[in-house]
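Rule-based calculations on the coordinates, nothing more; no lab input. Keep in mind that what you see is a predicted model, and the values were worked out from it rather than measured. With ideal geometry, Cβ positions are generated from the backbone for all residues, glycine too; neighbour counts draw on all protein chains shown.
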Amino acid sequence: MSQAKSQSKLDLISDAARAEIDQWVAKYPEDRKDSACMPALRILQDQNGGWLTTELMDAVAEYLDMPPIAVYEVATFYSMYEHEPVGRHKICVCTNISCMLCGSDDVVKHLNEKLGIKFGETTEDGRYSLKEVECLGACGGAPMMQVGRSYYENLTPEKIDAILDSLE
């Protein structure tokens, strides 16, 4: 039974995801497969429509020969990993000091009004989720937000509207 249970976890990893994870594993010494934990979580999150289940985290742990708790620690520490379904477009707004001083409050207010949601919520049609993040590392272009893997800096309401329209 243990073998069947173990195999079913690994079956959660698609062949394409497995190949991509293996590319990351190859970048590290053979005895440090666990160094590929973060990219493996991202790959499986992408495979699963933008969020991680406990079963997917367990599959990462087994694939990388790690204790499950070590994977959970990574997946719950970093804000890029989601543990519940999110909209097709996850909008992460930086509200750290540089962005705050440059108007992130106005960005948040505009997005709240435009989308009708607050941080931690998803629009009824499942298109957008809104997330507050501590820092996205683009202080020179504050205020800024990330949508998917794209960064948008020096935001204004007009720029935000154009970005949202481009996602339609």
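Summary of computed values
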{"read-out": "Filter on 27/90; 90/159; 27/131 - keep pairs with C-alpha separation over 25 Å", "value": "27/90; 27/131"}
{"read-out": "Mean ellipticity per residue at 222 nm, deg cm²/dmol - from DSSP H runs of n ≥ 4 across the chain, formula -39500 (n - 2.57)", "value": "-13500 deg cm²/dmol"}
{"read-out": "Vicinal HN-Hα couplings computed from phi for region 141-147 (Karplus, 6.51 cos²θ - 1.76 cosθ + 1.60; Hz; Gly/Pro x)", "value": "x, 5, x, 9, 8, 10, 10"}
{"read-out": "Calculated FRET efficiency for the pair residue 18/residue 119, C-beta based, R₀ 45 Å, to 0.05", "value": "0.85"}
{"read-out": "Karplus-derived 3J(HN,Hα), 6.51/-1.76/1.60, for each residue of region 127-139, Hz, glycine and proline x", "value": "7, 10, 10, 10, 9, 8, 10, 6, 6, 10, x, 9, 4"}
{"read-out": "Centre separation in Å (Cα based) which lies between region 118-160 and region 21-56", "value": "25 Å"}
{"read-out": "Built amide H within the under 5 Å cut-off of residue 90, gap 5+", "value": "129, 148"}
{"read-out": "Rounded to 5, percent antiparallel among DSSP beta bridges of region 8-147", "value": "40 percent"}
{"read-out": "Residues whose placed amide H lies under 5 Å from that of residue 151, excluding near-sequence neighbours", "value": "none"}
